[in-house]
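Only one structure is covered here, and it is reproduced in the block below.
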Amino acid sequence: MRRPWLAVVAAGLMVAASAGAVAASQCPGLIKQAREALAQYKRSPMPAPVKDATVAAVETNLRGAQGAHDAGEHAESTRQAREALKLLGK
């Protein structure tokens, strides 16, 4: 007797593993993009209180994104990097 459920489980595991690899490869690019956008934002003319609060929030997100990436939590890393970009209007 064949075990079709075994093939389904194996296929599911392969999909999950490949999704993790894709997320792992996105993190560094998103973090780099956010760091570049932050550098550009810092050079922009804007009232200091608004700018300081945004810079602080973005830097917090970027530290979290890098830490999550280093810990292998790529979905969280991607989420925080995207949040940093959102704060910068990107």
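Pop the C-beta distance of D70 and S44 into the FRET formula with R0 = 30 Å and round what comes out to the nearest 0.05. The computed FRET efficiency comes out at 0.50. Were the residues from K90 through K32 laid out at 0.36 nm apart, the gain over their Cα-Cα distance would be 19.6 nm. Between the beta carbons of D52 and S25, assuming R0 = 30 Å, the FRET efficiency works out to 0.35 to the nearest 0.05.
Only the coordinates and a few stated rules stand behind these numbers; no lab work does. Since this is a predicted model, take the numbers as computed values, not measurements. Note that each Cβ is placed from the backbone with ideal geometry, even for glycine, and that neighbours are counted across all protein chains shown.
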